[in-house]
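What follows is calculated from the coordinates using simple rules that are stated; it is not laboratory data. The structure displayed is predicted, hence computed values, not measured ones. Glycine gets a Cβ as well: all are built from the backbone with ideal geometry, and neighbour counts include every protein chain shown.
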Amino acid sequence: MLLEAMLHRPKFNWAYAYDQNTLHLRLRVKKGDAAAVTAITGDKYSWEETKAEAPMRLLSSDELFDYWETAVVPPYRRLRYAFRLTGHGGESVVMTEKGFFDKVPDNPHKDFFDFPFLNPADVFAPPEWVKDAVFYQIFPERFANGDPDNDPEGVLPWGGKPTPTNFFGGDLQGVIDHLDHLERLGVNAIYFTPLFEATTNHKYDTEDYLRVDRHFGTNEKLKELVDACHARGIRVMLDAVFNHAGSTFGPFVDVAEKGPDSPYADWFHVREWPIAVRDGIPTYDAFAFGANMPKLNTENPEVQRYLLKVARYWIEEIGIDGWRLDVANEVDHRFWRKFRDTVKAAKPDAYILGEIWHDSLPWLQGDQFDAVMNYPFTEAVLDFFARGVTEAETFSAKIGAQLAAYPQQVTETAFNLLDSHDTPRLLTECGGNEAALRLALLFQLTYPGVPCIYYGDEVGMSGLGDPDCRGCMVWEEEKQNAELFRFYREAIALRRSHPSLRGAGFRFLYAKGSVIVYERSKDGERIVIALNAGGQAAEAAVRLPLGGGAGAEAGASVTAASAGGAAPGGAAASGTAGAAGSSGTDANGAADPSTDAAASAAANPFKQVALASSASAVSTLAFAPDAVWRSLLDDSSVEIKGGLLQLQLPAYGYRVWSVQ
């Protein structure tokens, strides 16, 4: 085994508290090197009385490494531990904090890794409700015009071509008028881009943080909207732009007039007086080089007090349920820690979401954000399903790397989007191929984390990047794609009906060519999904894991929910995939505390099945070697023989089975 590839360190995503009793331990190993891994554990003050061995399971794999994981409940909240790795030839090595040994060292106090103490205050616990949420993003200026009396000057007729500067009159009353649409769709949370007073159509140049923009309505109208949403079981998250303000923000106007003599001079990062724009670059820090968006000095105590007052106001007075934080990685960590303390004191289950496009672990330690916008997920899904530039092996490796990059509770509440006001629309990314869009959506809604639908995608809207992706919502029924809306509705209902689709249990069973097969599991419910992202029919022989794991009862029945489709004109040729592809194990485990809080959607066409509880999920869940898998949409069935699933998928086809 390649020792240089092995990696572990206490804390972060490698050793962390999942809840107030449970630690998760992870170890990185060269891909395919280890046949088995065991954690050797015990209490540092009572080693002989508490020492134990915990088998580890394969959490995920990427292109270079395997990631092994186990869940441990320390008897006294402390843990000393090492790892024993066994190769495929029977060779073994013990990894400790001090290096590698042929056998377990005699002195765990000196050599082993140490998790000093599981302090309850350090446990990262995102809001439980978020795990059951399906968000819907609204760009307010373009969703619906419900009150022409508050239209801005020069408003254009609804449905015109969007530009960076034009207005169509969307407002809060328009959202209230169309809450039935959101309820029919099945979403239960809304993310609004900025609503506060500003000069632009996007409102990211805030003029007044304590006032709803006059062209959207009033603070009272927002309160009415939030109350109406809550009455329907819909949560509301607002967008906070605390990295920068607008050039019409009162303190910045004062600085522009008075220069360094302004009492607000230290509210901004001014490099040179007087403030000006020279060769296109402001003499003060700004978002990018936007002169109309001066960067706030969040190290200034007065700025902190003002912004924290803003954070409290909209929670306490209006009743919002969370904050999305714009350009979050350009604000200092110390401010975000104060922000979290303030927000959680006002509303303990408020959702704090940061806009970060890259590796975000420093912000996801439980002292700042609950989640970030998961753009690495976005890119991986689009590359495979929409753009067709990666194959299943690469896609599964990218997903595997993401699963290992963060603690489990981060994965459970990650904000998984496929498009937004900052990107081309999903249908455009798919080249107009609606069948590819359906697969991308189905993966999004059957993957761990919190899915977000961008307004209008559900009725077939398209558009390139900003400003084209910010078009007016299509409300004329004759212009809406009714079949696509029905698919969105059914896929959302499927997610909300099955706890396993909202938990963290995930493993690839097969990934080759254009076909992926993966399993989702939670509290005894197990669902298997097969997707063909290719434009041709595909066959696959999937060797299912058998024996030795929890839930491996002989003859266990398998019930299925299935749906399938082929793109118009899809080729009939078939490409036969090989035997079992990449495989991991379910990451959910017995430590998952989430509950089945979402009821079945009323219009769900996927029938429910009774699901038996399973034994401890710390071990790999095994499949019955012989079973009949039945469709929940029709009377068809498929027979499993010897643990082999023979798949035949049409172009852009999909299947969903529930395993009992």
Original post:
For ASP359 and ASP341 in the same chain, what is the full-extension length gain: residue separation times 0.36 nm, less their Cα-Cα distance, in nm?
Top reply: 4.1 nm
Original post:
If you place +1 on the Cβ of every Lys and Arg, -1 on the Cβ of every Asp and Glu, and leave all else neutral, what size is the dipole of the chain about its Cα centre, to the nearest 20 Debye?
Top reply: 1760 debye
Subject >> Two-site FRET efficiency, GLU483 against TRP273, from Cβ-Cβ distance with R₀ of 41 Å, rounded to 0.05 >> reply: 0.10
Subject >> In sequence order, calculated HN-Hα J values of segment 72-77 (Karplus, 6.51, -1.76, 1.60; Hz; x Gly/Pro) >> reply: 10, 10, x, x, 10, 6
Subject >> Distance between modelled label sites at ALA54 and LEU644, nm, 7 Å Cα→Cβ extension >> reply: 3.9 nm
Subject >> Protection proxy ranking of 57-65, 7-15 - average other beta-carbon atoms within 10 Å, highest first >> reply: 57-65, 7-15
Subject >> Restraint check, LYS11/LYS131; LYS258/LYS347; LYS44/LYS344; LYS11/LYS31, Cα-Cα greater than 29 Å >> reply: LYS258/LYS347; LYS44/LYS344
Original post:
For ASP177 and GLU128 in one chain, what is 0.36 nm times their gap in residues minus the Cα-Cα distance, to one decimal in nm?
Top reply: 14.7 nm
Original post:
If you stretched the chain out fully between ALA36 and ASP349, how much longer would it get, using 0.36 nm times the residue separation minus the C-alpha to C-alpha distance?
Top reply: 108.7 nm
Original post:
Within a Cβ distance under 10 Å of THR394, other residues only, what is the Lys/Arg minus Asp/Glu net charge?
Top reply: -4
Subject >> Charge tally in the Cβ shell below 10 Å around LEU79, where Lys, Arg are +1 and Asp, Glu are -1, LEU79 excluded >> reply: +2
Subject >> Radius 13 Å from Cβ of THR206, net charge of other residues (Lys, Arg +1; Asp, Glu -1) >> reply: -4
Subject >> Packing-based ranking, highest mean first, of 374-383, 460-469 given that Cβ atoms within 10 Å are counted >> reply: 374-383, 460-469
**OP:** List the lysines whose Cα lies under 16 Å from the Cα of LYS512, skipping any in the same chain that are fewer than 8 positions away.
**Re:** LYS398
Subject >> Burial order of peptide ranges 79-85, 231-237 (average beta-carbon count within 10 Å, highest first) >> reply: 79-85, 231-237
**OP:** Would you compute, from DSSP H runs of 4+ residues alone, the mean residue ellipticity of the chain at 222 nm, taking -39500 (n - 2.57) per run and dividing by the full residue count, rounded to the nearest 500?
**Re:** -5500 deg cm²/dmol
